[in-house]
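Throughout, read-outs are computed from the coordinates displayed, never taken from laboratory work. Bear in mind the structure is a predicted one, so any value in this text is a computation, not a measurement. FYI the Cβ positions are ideal-geometry reconstructions off the backbone, even for glycines, and counts take in every protein chain you see.
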Amino acid sequence: MNDSNIRKIKYVMLGINIFAILFILILINTTTSIVILDSNARTFMDNLQKIPYRPNFLLFYGIFLNLLLIFTFYLRQFVFPNNKRNILLTILVDTAVAIILMKIIDFNYNGIILWVLANVVYYIESKNKYIAITVGVLLYILTTFSILKVFVNLFSLTEYINYYPKQIRQIILTFYYTLTGFNLICFIIFCVLVIQEQRGRINEINALYKKLSIANEELKQLADIKEKMGETKERNRLAREIHDTLGHSLTAISFGVDACLATLDKDPEGTKEKLQVISNVAKSGINEVRTSVTTLRADSSEELSLSKSIISMIEKTIKATDIKINYTIEKDFNLEKYEENAIYRVVQESITNAIRHGHANTITIQLIKEKNFLLLEIKDNGIGCKSIKPGFGTRHMKERIESIQGKIEYISDNGFIVRAKVPLRTKGVTNND
């Protein structure tokens, strides 16, 4: 609101000063013409201490200089309102124009200095502002007509006004002093509004500084929380990875050993081969656990593709446990490594649960692509469960699928079914429909 009022005061002040200068020039020019027409030139000149040189020329010269003031004001206000260097240049031009205007009217009016001072107060914000204001105030005092007249021979506007009859003289003087006084009042109001605006800016800056300090403290707290959450996340991730890798391996080993015990007397050679497979599964599990602990990233599918990694895991499980696993696995899903790892771990955990908890002997796995989605289904013929309660494994499978913007569901119907749907990228864009 203050800025709007300041802009209006600037318009008024510029108008007053232009009008005051032109009023004096027109009065001098008009009075000179009337004196000549009245044939009172000799009498009039005898009462004057000095006569302005070529009043007609001074009038046109004054109009030109006032137009220049309007032009510099337009540049400051509309062309480069934020360019401090150019603004300073226009203020210097205004100062020179103001001095010339006062000179051509013999300093009978110096209110134009207040216009320059108003611009100094509003636009200059550096330490030079106070120097400029001091210089401006001194210039305003020293250019007062009554002071200069003591040292310099000047023509007096009052002598021109006194040529007119008393009533006209009173009207002219009233008008002239009203302009002068109103210009001073506008300047004072302008300075008050600028001070209020600058004080408001200071208060706003202080308020913003306080908010920034509070935000900085909150950021520090958030950083500490984030660090702790990161540590917790990594611990959970490590626990999940170890659960997935070691749990699957131990399940395969457990059921493999049970199968070996059952066939040890009947088929020693076959049992020996199965024990070798179990040994390989154990070694593989150890390696994956070691990788999880050292890198917090147990990607068994890091070097192989998703389909090859899953098929390799299935084949090892079949050899180690005698569980029948049927699978349909397509290739080329265009997934990132972390997405492939999530899918791999869900298949791994589902097989482990089917064997360990479902006591299944047949598992069917389907991993296919339909439109822009990857569809995963793991179905077993185990005992299922009456009510599905989220445990460590099922909860982490859900977290993994949701981390890659997918959805997962568990169904207990003549066994147990795990279904997941994951959006695939199409030309670099992930489909979330």
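Just a few scattered comments:
- Farthest positive-ward along the chain dipole, Cα basis, beta-carbon charges - from 363, 122, 350: 122
- Of the residues 309, 29, 15, the one whose Cα sits farthest towards the positive end of the charge dipole of the chain is 29 (charges of +1 on Lys and Arg Cβ, -1 on Asp and Glu Cβ, taken about the Cα centre).
- Loop-located GluC sites (Glu not before Pro) in region 115-219 whose Cβ has at most 13 other Cβ within 10 Å (DSSP): 125
- The DSSP beta bridges internal to the chain are antiparallel in roughly 80% of cases.
- Nearest-ten-degree value, helix 84-104 long axis tilted from longest Cα axis of the chain: 10 degrees
- Pairs of lysines in region 2-163 whose Cα atoms sit within less than 26 Å of one another amount to 12, provided the residues are eight or more positions apart or on different chains.
- Under 19 Å of direct C-alpha separation, and excluding same-chain neighbours fewer than eight residues apart, residue 398 reaches these lysines: 233, 337, 379, 389, 407, 421.
- Taken about its Cα centre, the chain carries a charge dipole of roughly 1400 debye when the Cβ of each Lys and Arg holds +1 and the Cβ of each Asp and Glu holds -1.
- Exposed-loop-free span, longest in the chain, where trypsin sites (Lys or Arg not before Pro) count as exposed if DSSP calls them loop and at most 10 other C-beta atoms lie within 10 Å: 128-265
- 0 to 90° range, to nearest 10: angle between helix 128-142 axis and the chain longest Cα axis: 10 degrees
- Charging the Cβ of each Asp and Glu at -1 and of each Lys and Arg at +1, and nothing else, the dipole of region 2-163 about its Cα centre rounds to 520 debye.
- Using the rule -39500 (n - 2.57) for each DSSP H run of four or more residues, divided by the residues of the chain, the 222 nm mean residue ellipticity is -24000 deg cm²/dmol.
- Projecting the Cα atoms of 382, 187, 45 onto the dipole axis of the chain, where Lys and Arg carry +1 and Asp and Glu carry -1 at the beta carbon, places 45 farthest toward the positive end.
- Crossing angle, helix 112-123 versus the chain [Cα axis fit, 0-90 degrees, rounded to tens]: 10 degrees
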